[in-house]
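Structure first, commentary second.
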Amino acid sequence: MNKEKEIVLRIEDVHKSFGENHVLRGVSMGIRRGETKILIGPSGTGKSTLLTCINMLTPPDAGKIWLLEDEITGSKRVNLLRQKIGFVFQDFSLFNHLTALGNVSIGLTKVKGMDRKKARKKALEELKQVGLEEKASSYPAQLSGGQKQRVAIARALAMDPQLILFDEPTSALDPELIGEVLGVMKKLANQGMTMLVVSHEMGFARSVADEVIFMEGGVIVEQGPPAQLFSSPKVERTGQFLSRLSGLFGEEGEK
Amino acid sequence: MTFWQVIQQSWSPMLDGLQVTMQLTLLSIVFGLALGLFLALGKVYGWKPLRWFCTAFIEIIRGTPLLVQIFIIYFGLPPYGIRLSPLEAAVIAFSINSGAYQAEYLRGAIQSIPSGQMQAALSMGMTPWQGVISIIMPQALRRVIPPWTNEFIYLLKYTSLAYIIGTPELMAQARFVASRNYEYFQTYLFAALIYLSIVLVFSEFFGWVERKFRIPGFEFHK
């Protein structure tokens, strides 16, 4: 539905090994502005590695990655490109010594050089966006898992990113807290945020994903709109995995 | 002589000594902290040669007696043209020695911060240095306060070793007083009580600092 929009992220034949373990064996894909793509697949398949390759926390061994016109993989000043790529971690990784507000505003003051007052105002707006403005002065240890993850999303949003990468954002959460995080993500998707999400929340995938990508063994096995992939996958293995996943539906997906 | 008389007679030279002891302690702990920060950051984040240098430095200093270090600096350097006053030599020796220990406390605290904190800092566009300064160190320094308090107390008492090279600190003054009044037990007891009360004041103070900077929500994890 976004076929005419510009390509925000382009990945070309990315490889990554850890010692003997060839985790990514040539992955290529792209995301257009406003698209939400969901990455699924068994554990150890390289989904998380692919995400950390995109922002160069794990530099790929081979292959190229572009953010709009900039090649991330060849960049000397990768920190400038990372500002434009939000990252939401499975374990939240909020800065423990800062309040919710501090977590959201520190990137604005330290990285973007915004003055404190402006940063504070913008951070409050982002917290409002995730429904947590009343928790602005709480520290991470005083928040529930769902609240922590929403603060982490606000922290990513504050940098006005071109896209946000989500690495299993709900798999560290109690079942009753998952909804509030997925709710925020759904809202973002509807507002036109470009998102690449590693997740096994099939309900979420069905309702917001433009495309579901099934990865296994370090390669993309199959990709397509959720309706098509769920009802009539072209590759047998995709169907096997999805049916096993739907057996687990409502439970935590595997890592 | 009663204990009270000993105190009355000796409080003035003893307080002079205490002043030198505090000078020694405070200068050495501050220089030692600067050195310790450099060594710890070098050991954790430095490129290989710097890492090796920091590790070797720490091991050599921790592996040799403090008294030997004091003697090398005070008696060993003059032939090479470096003549230091007893106070200077003591401050340098204590700073170097304390720096090596502080480095290890700091390194432990830095490495106890989960790696996800740095990953999150980098992924929002911070440089590694910004991540260390804004995210890692504020948390590591809080965690280092209890062992650092220990180091401060050790150092305060180890400065008594400086009497050997003639630094007029509290221990040297106590020896001087006792050699005159021959009341060894009571004079050294007086010195011990002064050390004890200063240590209690500082450990109370650092306990207050620790509580003041504690991160809310972590009260029960400590």
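Assorted remarks:
- Positions within the range A:217-232 being modelled with pLDDT of 90 or more, farther than 16 Å from A:Glu201 by Cα and open to solvent by 20 Å² or more (accessible area, probe 1.4 Å), in sequence order: A:Gly217, A:Val219, A:Ile220, A:Val221, A:Gln223, A:Gln228
- Against the test of being assigned to a helix (DSSP H, G or I), of a type outside the set (Lys, Arg) and closer than 28 Å to B:Thr25 by Cβ, the options B:Leu87, B:Leu122 yield a single qualifying residue, B:Leu87.
- Among the conditions (1) surrounded by 16 or more Cβ atoms within 10 Å (Cβ to Cβ); (2) assigned to a helix (DSSP H, G or I); (3) free of Cβ contacts under 8 Å to residues at least 40 places away in the same chain, A:Lys117 misses just one, which is (1).
- From the list B:Glu183, B:Glu204, the one residue that fits, being under 22 Å from B:Ala109 (Cα atoms) and acidic (Asp, Glu), is B:Glu204.
- Note on the range A:192-216: residues that are at pLDDT 95 or above and polar (S, T, N, Q) amount to 1.
- Across the range A:42-89, the qualifying residues are those that are assigned to a strand (DSSP E or B) and of a type in the set (Asp, Glu), and the one among them that is nearest to the other protein chains (Cβ to nearest Cβ) is A:Asp70.
- Scanning the range A:199-244 for residues that are small (Gly, Ala, Ser) and closer than 18 Å to A:Ser171 by Cβ yields A:Ser199, A:Gly203, A:Ala205, A:Ala209.
- Test: residue in the range A:107-114 that is under 30 Å from A:Gly30 (Cβ atoms) and more than 9 Å from chain B (Cβ to nearest Cβ): yes
- Meets criteria (assigned to a helix (DSSP H, G or I), within 13 Å of another protein chain (Cβ to nearest Cβ), open to solvent by less than 20 Å² (accessible area, probe 1.4 Å) and within 25 Å of A:Val78 (Cβ to Cβ)) for A:Ile164: no
- Out of B:Leu15, B:Leu26, B:Leu50, B:Leu33, one residue alone is out of contact with any Ser or Thr (no Cβ under 7 Å at 6 or more places or on another chain), part of a helix (DSSP H, G or I), open to solvent by less than 90 Å² (accessible area, probe 1.4 Å) and in contact (Cβ under 8 Å) with a residue 60 or more places away in the chain. It is B:Leu33.
- In the range A:133-148, residue least open to solvent (accessible area, probe 1.4 Å) [restricted to those that are farther than 14 Å from A:Phe95 by Cβ and within 20 Å of the chain's Cα centre (by Cα)]: A:Gly146
- In the set (1) open to solvent by less than 40 Å² (accessible area, probe 1.4 Å); (2) within 14 Å of the chain's Cα centre (by Cα); (3) of a type in the set (S, T, N, Q), A:Ser48 fails one condition alone, (1).
- Residue under evaluation B:Ser98, criteria (1) away from chain A (no Cβ under 14 Å); (2) outside any helix (DSSP H, G or I), criterion not met: (2)
- Residue among B:Met118, B:Met126, B:Met137 that alone is within 14 Å of chain A (Cβ to nearest Cβ), open to solvent by less than 10 Å² (accessible area, probe 1.4 Å) and either under 30 Å from A:Pro140 (Cβ atoms) or hydrophobic (A, V, I, L, M, F, W, C) (or both): B:Met126
- Top-ranked residue of the range A:90-106 - restricted to ones that are in a helix (DSSP H, G or I) and touching a Leu at 6+ places or on another chain (Cβ under 9 Å), ranked as nearest to the other protein chains (Cβ to nearest Cβ): A:Ile106
- Considering each residue of the range B:166-181 in turn, at least one proves to be in contact (Cβ under 8 Å) with a residue 24 or more places away in the chain, open to solvent by 10 Å² or more (accessible area, probe 1.4 Å) and on the phi > 0 side of the Ramachandran plot.
The values are calculated or read from the model by the stated rules, or taken from the named source; none is laboratory data. These numbers come from a predicted model, not from an experiment. Reconstructed Cβ throughout: ideal geometry from the backbone, glycine too, with neighbour counts over all protein chains shown. Heavy atoms of the whole protein, side chains included, go into the accessibility calculation; ligands, DNA and RNA do not. Shrake-Rupley method; radii C 1.70, N 1.55, O 1.52, S 1.80 Å.
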